[in-house]
Amino acid sequence: MAEISGASPPRPSVLSLSVKEKAALYAAYMPFLANGGIFVPTSRSYQLGDEIYLILSLMDDASKYPIAGKVVWVTPAGAHNNKAPGIGVHFPADESGQRTRQRIEEILGAAITSSRATHTL
């Protein structure tokens, strides 16, 4: 009889995102998520709920923000209105997620309440 071993869960995919300007950060940030989140342009295929390890760089900030998040949004290639393909990554409720959200909101300031179009809603 063959022995069946339990398959280990797939390792989270590692992505890096470097945001160079405030307008790009505004377009990518997802403040409507409970812990905040960010849109990551990618042509790779992901499913909702996939775990992602994201290394985020924000403009002139020398710090890198490592985030172990989950995919909560998928914009497939060829989406309506020429939306960029990519995924929305929900920040975790832990200290790293809170620190990242706080830093993004500091950078965006009043722009966060703007009604300009974004990559998501």
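The values are calculated or read from the model by the stated rules, or taken from the named source; none is laboratory data. Just so you know, these numbers come straight off a predicted model, no measurement behind them. Positions of Cβ are generated from backbone atoms using ideal geometry, with glycine treated the same way; all protein chains shown enter the neighbour counts.
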Inset, instruction - Only one of these is assigned to a loop (DSSP other than H, G, I, E, B) and touching a strand residue (DSSP E or B) at 6+ places or on another chain (Cβ under 7 Å): 77, 62, 68, 84. Name it. - result: 84
Legend entry - Filter result for the condition that a residue is more than 17 Å from residue 108 (Cα to Cα) and either modelled with pLDDT under 95 or buried (at least 17 other Cβ atoms within 10 Å of the Cβ) (or both), over 28, 79, 68: 79
Legend entry - Residue check for residue 56: at pLDDT below 95, under 12 Å from the mean Cα position of the chain (by Cα) and of a type outside the set (Gly, Ala, Ser): no
Legend entry - Search result, residues across region 66-98 that are charged (D, E, K, R) and either under 10 Å from the mean Cα position of the chain (by Cα) or under 12 Å from residue 30 (Cβ atoms) (or both): 70
Inset, instruction - Check 47, 98 and return the single one that is touching a residue at least 24 places away in the same chain (Cβ under 8 Å) and loosely packed, with under 11 Cβ neighbours inside 10 Å. - result: 47
Inset, instruction - Quick one: which residue in 50, 94 is under 18 Å from residue 11 (Cβ atoms) and at pLDDT 95 or above? - result: 50
Inset, instruction - Answer with yes or no whether residue 2 is outside any strand (DSSP E or B) and modelled with pLDDT under 95. - result: yes
Legend entry - Check on residue 63, over 24 Å from residue 106 (Cα atoms), more than 12 Å from the chain's Cα centre (by Cα), exposed (fewer than 15 other Cβ atoms within 10 Å of the Cβ) and among the polar types (S, T, N, Q): no
Legend entry - Identity of the residue in region 101-114, assigned to a helix (DSSP H, G or I) and polar (S, T, N, Q), that ends up surrounded by the fewest Cβ atoms within 10 Å (Cβ to Cβ): 113
